[in-house]
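The values are calculated or read from the model by the stated rules, or taken from the named source; none is laboratory data. Not measured: the values here are computed from a predicted model. Glycine gets a Cβ as well: all are built from the backbone with ideal geometry, and neighbour counts include every protein chain shown.
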Ligand SMILES: Nc1ncnc2c1ncn2[C@@H]1O[C@H](COP(=O)(O)OP(=O)(O)OP(=O)(O)O)[C@@H](O)[C@H]1O
Ligand SMILES: [Mg+2]
Ligand SMILES: [Zn+2]
């Protein structure tokens, strides 16, 4: 089947009639498309073949296939923009059952705080959630907490987005992910800048019922000490909290290797 509109259009003088026969039925003359200067242009098919329902169906199918391909390429681009190569196998089906269930059963405006020891799979789970949401056409922002703070600090030098532009994005995005919240040593308190930033973002998101997904190495009590009770109270009100236990998966991988 020839899909005329996707193929090159032939041109030449009508007198060379055998070359001007329809490429499909090879019996009727190709349909004229008009003149370009002195040259008369023809399609590849005759009018009947061009109008045939089969050709239209095939062309529609080709277009649908091309659109699907474009859509899945866009999706792959969006995922690889957010999910780094180390976590490329982070799928919701691979995360621990309890985490998966809690994520899928949560209310639309609820977030999740994953608290747990080093290497137990917090970041992996957050990336799995992000991938799940992106695949369902949601826009997400994923930040390591330290990177978020340093991007805001960098905004003061005026080379990139301003602080208020960054904060606006963090406050308004439908799904926000903050990995590794509170990386100060366990008893130290966060800086004033860190407190203000997190409070500002969380308070706004909670008021607008936008879910935030967080991970931390600290316990909930340590988070309360490191940040403050107002922040902890907001996290507790807006997020389901999962205390994860488990071995360090990095070390397990290492043991398997050697
Ligand atoms: N469910 C899983 N399936 C396969 N690999 C996993 C899974 N969870 C974690 N991993 C792998 O284990 C390693 C550690 O996981 P991850 O980085 O998520 O830990 P973490 O809890 O975020 O650690 P940290 O507290 O140091 O940030 C990673 O290499 C990750 O790819
Ligand atoms: Mg992590
Ligand atoms: Zn024909």
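Of the residues making up segment 230-252, those that are part of a helix (DSSP H, G or I) and modelled with pLDDT of 90 or more are 230, 231, 232, 233, 234, 235, 236, 237, 238.
Screening the candidates 65, 61, 93, 88 for the property of being surrounded by fewer than 15 Cβ atoms within 10 Å (Cβ to Cβ), within 30 Å of residue 120 (Cβ to Cβ) and modelled with pLDDT of 95 or more yields one hit, 93. Do we have residue 176 as away from ligand 1 (no atom under 16 Å from the Cβ), assigned to a strand (DSSP E or B) and assigned by TED's automatic domain parsing to the domain that holds residue 225 here? It is true that residue 176 is away from ligand 1 (no atom under 16 Å from the Cβ), assigned to a strand (DSSP E or B) and assigned by TED's automatic domain parsing to the domain that holds residue 225.
Of these, 68, 61, 93, which one is in the same structural domain as residue 200 (by TED's automatic domain parsing), more than 26 Å from residue 206 (Cα to Cα), in a helix (DSSP H, G or I) and away from ligand 3 (no atom under 16 Å from the Cβ)?
Details: 68 fails: in the same structural domain as residue 200 (by TED's automatic domain parsing); 61 fails: in the same structural domain as residue 200 (by TED's automatic domain parsing).
None of the others qualify; the one that does is 93.
I'd like the full set of residues that are within 16 Å of ligand 2 (Cβ to nearest atom) and under 17 Å from residue 140 (Cα atoms), limited to segment 181-226. Once the filter is applied, which keeps residues that are within 16 Å of ligand 2 (Cβ to nearest atom) and under 17 Å from residue 140 (Cα atoms), segment 181-226 yields 213, 214, 215.
With 200, 207, 217, 159 as the choices, which residue is exposed (fewer than 14 other Cβ atoms within 10 Å of the Cβ) and touching a residue at least 24 places away in the same chain (Cβ under 8 Å)? Before you say what the answer is, go through the steps one by one.
Details: 207 fails: touching a residue at least 24 places away in the same chain (Cβ under 8 Å); 217 fails: exposed (fewer than 14 other Cβ atoms within 10 Å of the Cβ); 159 fails: touching a residue at least 24 places away in the same chain (Cβ under 8 Å).
Every option except 200 fails the conditions.
If the condition is being free of Cβ contacts under 8 Å to residues at least 12 places away in the same chain, within 15 Å of ligand 1 (Cβ to nearest atom) and either more than 17 Å from residue 170 (Cα to Cα) or buried (at least 17 other Cβ atoms within 10 Å of the Cβ) (or both), then segment 101-148 contributes only 101. Entry remark, segment 93-151: residues being within 22 Å of residue 80 (Cβ to Cβ) and more than 14 Å from ligand 2 (Cβ to nearest atom) number 16 in total.
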